[in-house]
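Have a look at the structure below, then the notes.
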Amino acid sequence: MPASAIIAVFSQHRHPRLRYVLKELRRDLGYTFRLMTNEAAWEKFDAAGKVTVSETSATIDYLRLPAHPILAGGGVSPEDLAVHDIDGLPAFFMVEGVPDYLACCFYLLSRYEEYEPFGADEHGRFSAAESHAFQHGYLQRPVVREWAALLGRRLRAVFPNLPEAKVHAWAFRPTYDIDILWAYHHRGVRGVAAGLRDLLTGHPMRAWERLTVGPENDPFNNLAFLQSLHLPPGPNEVPLRPVWFWLLTDRTDRRDVNAYPLPEAQKELIRTISGTETVGIHPGYLAAEAPSVLGEEVARLAAITGVSVRYSRQHFLRLRLPDTYRALRNAGITHDYTMGYADGIGWRAGTNLPFAWYDLEKEEATGLTIHAFAAMDVSLKDYLKLGPDDAKHRVFALAEGVRPFGGDFMLLWHNSSFAEAYGWAGWQEVYVEIVTKLRSF
C-alpha cells in the first residue's frame, strides 16, 4: 500500500471496537488506517495524513476526531443517543458538542441496540419500530455511508494530497427466498387441506386449478421467468447476479411450507441453478433456536449441490444476536443476508455495503460477512399496506438515496409473490419495472 493512501491514526488505546470501525471505514473509503498508540512513532510515520482520536499534545498538522468512550469499550447512555441535525445529517454520540461519527458507525454496524433488552415481536424478532433509526427518522437513509463520505471529505480537505476515495460501482442484486416452489403440487396432505380450505373460503377456482394445472404452469413455479429478467438487455450489458435461498426443512413446524420429502424435480432445479448462480440455505423457523436443526438443513442443501454451503438467510428473518450468527458460523456459513426488517424498509445497519459481523459479547470482529437488503416484498404489501405502484416508488426512493455512494442495492423477493390468485395482482408487472429501472441506475 503506497504511503499516499495510508492514514496514521493515533489513539491511547487499541480496543477491538476502534480497530473494527477503522477497517470498515477502509472498506468504504479505500484508505488504509494504521492505528498507533505510540505518539512519537505516529508523528514520525510517513503517511498521507495524521488523525488523532484522543487527547494529544502533538504539534504537527493533523485531523482531530472526537473520542467517545464507546470505542474504548464504554457503555451508552440515553444522552449519547440524542439525535441532532448537523449539516443535514443525523448525528449523536456528542463529545464537547461535536458528533463522534466513528462511534455512530460502530453503533449501527455492531447492532449494539439489539444486544440491549427490547420488546420482541410475535416471532421473537427485533423490529424496525424498536430501532433508534426508525424512532429518529433515518432508517431509510444509508447513514453509515453518509458519515463515511463526510469523513472522507474532511480528510481530503485537511490532506489535499490524499487520493480520491474509493468509487463503488452501482449494482442491483436481486435475492429470492424459495419457501415453496409449487402452490398446487407436491403438497401431500397439506395440499388436500389447502384445497378444502379454498372451497370453504370462497376460492373455488384455486381448488379447481389444484386438480387441473400441471407443475410447469403452477403459479409459484416461475423461476425461469425470474431468470429471464436477469439476462442482459443488450450486448454491452451484463447479467444480474441473483442469490437463491432454499427452504429445505422437514416440515416439523407448520410455518415451514416447503415440500418434504424434497421432490426430485426440485433437487434437479437446485443443482441446475447452483451450477451458474449463487444458492444458499433458508434456515427454517425452528433452526433459529436449534443449531442441530440448522446443521441438518445445511447438510441437506450440500448433499444436493455437492458443494459446501456458505450463504444463508433466516426464514421469517428470525435473527437474534449473538446466538443466530454464532450458530451460522459453526455451521460453516460465511455470508448472511438476513440484515433487514419485516415491518419496515431501509437500512437496518445503516449501510448497503457488506460488513463483518462484530460479536459484541466477545468483543471481536468475525469472519461472517453481512449483506443488507433494502426492502422485502411482504414488508411492502402486508406490513406497510402498499399497493404495487406505491411500493415501486418507495423502492426507487431507497435506491436514489444510496446511488451516490454505489455498491449493491439488494431486494428480497419471493417466487410466490406474483400469483394473482394469492393476492398479488399487479406485482409481477411492477417487479419487471423495478428490475428494468434498477439495473440501469
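The values are calculated or read from the model by the stated rules, or taken from the named source; none is laboratory data. Note that this is a predicted model, so its numbers are computed, not measured. Note: ideal-geometry Cβ built from the backbone for every residue, glycine included; neighbour counts use all protein chains shown.
Candidates in segment 327-363 are the residues that are touching a strand residue (DSSP E or B) at 6+ places or on another chain (Cβ under 7 Å) and among the charged types (D, E, K, R); of these, the one that is surrounded by the fewest Cβ atoms within 10 Å (Cβ to Cβ) is Arg329. Answer yes if at least one residue in segment 61-68 is touching a Ser or Thr at 6+ places or on another chain (Cβ under 9 Å), among the basic types (Lys, Arg) and part of a loop (DSSP other than H, G, I, E, B), and no otherwise. No, every residue in segment 61-68 fails to be touching a Ser or Thr at 6+ places or on another chain (Cβ under 9 Å), among the basic types (Lys, Arg) and part of a loop (DSSP other than H, G, I, E, B).
Does Asp177 meet the test of being touching a strand residue (DSSP E or B) at 6+ places or on another chain (Cβ under 6 Å), under 21 Å from Asn258 (Cα atoms) and either among the acidic types (Asp, Glu) or modelled with pLDDT of 95 or more (or both)? Yes; evaluated as a whole, the condition is true for this residue.
Consider segment 387-401 and keep the residues that are in a helix (DSSP H, G or I) and among the small types (Gly, Ala, Ser). The one that is surrounded by the most Cβ atoms within 10 Å (Cβ to Cβ) is Ala391. Scanning segment 304-329 for residues that are part of a loop (DSSP other than H, G, I, E, B) and either in contact (Cβ under 8 Å) with a residue 60 or more places away in the chain or assigned by TED's automatic domain parsing to the domain that holds Tyr115 (or both) returns Arg313, Arg318, Leu319, Arg320, Leu321, Pro322. The number of residues in segment 260-303 being of a type outside the set (D, E, K, R) and assigned to a helix (DSSP H, G or I) comes to 20. Residue count for segment 112-163, restricted to those that are in contact (Cβ under 8 Å) with a residue 60 or more places away in the chain and among the small types (Gly, Ala, Ser): 9.
Restricting attention to segment 266-277 and to residues that are closer than 20 Å to Glu296 by Cα and not aliphatic (A, V, I, L, M), the residue that is surrounded by the most Cβ atoms within 10 Å (Cβ to Cβ) turns out to be Gln266. Considered as a group, the residues in segment 1-29 that are in contact with a Gly (Cβ under 9 Å, 6 or more places away or on another chain) and in a loop (DSSP other than H, G, I, E, B) include one that is modelled with the lowest pLDDT, and that residue is His13. Residue count for segment 6-19 under the criterion of being under 26 Å from the mean Cα position of the chain (by Cα) and surrounded by 22 or more Cβ atoms within 10 Å (Cβ to Cβ): the result is 2. Looking at segment 330-339, which of its residues are of a type outside the set (Val, Ile, Thr), part of a loop (DSSP other than H, G, I, E, B) and either in the same structural domain as Leu109 (by TED's automatic domain parsing) or on the phi < 0 side of the Ramachandran plot (or both)? If the condition is that a residue be of a type outside the set (Val, Ile, Thr), part of a loop (DSSP other than H, G, I, E, B) and either in the same structural domain as Leu109 (by TED's automatic domain parsing) or on the phi < 0 side of the Ramachandran plot (or both), then Ala331 is the only one that fits.
The residue that is farthest from Glu361 (Cα to Cα), counting only those in segment 299-346 that are touching a His at 6+ places or on another chain (Cβ under 9 Å) and among the small types (Gly, Ala, Ser), is Ala342.
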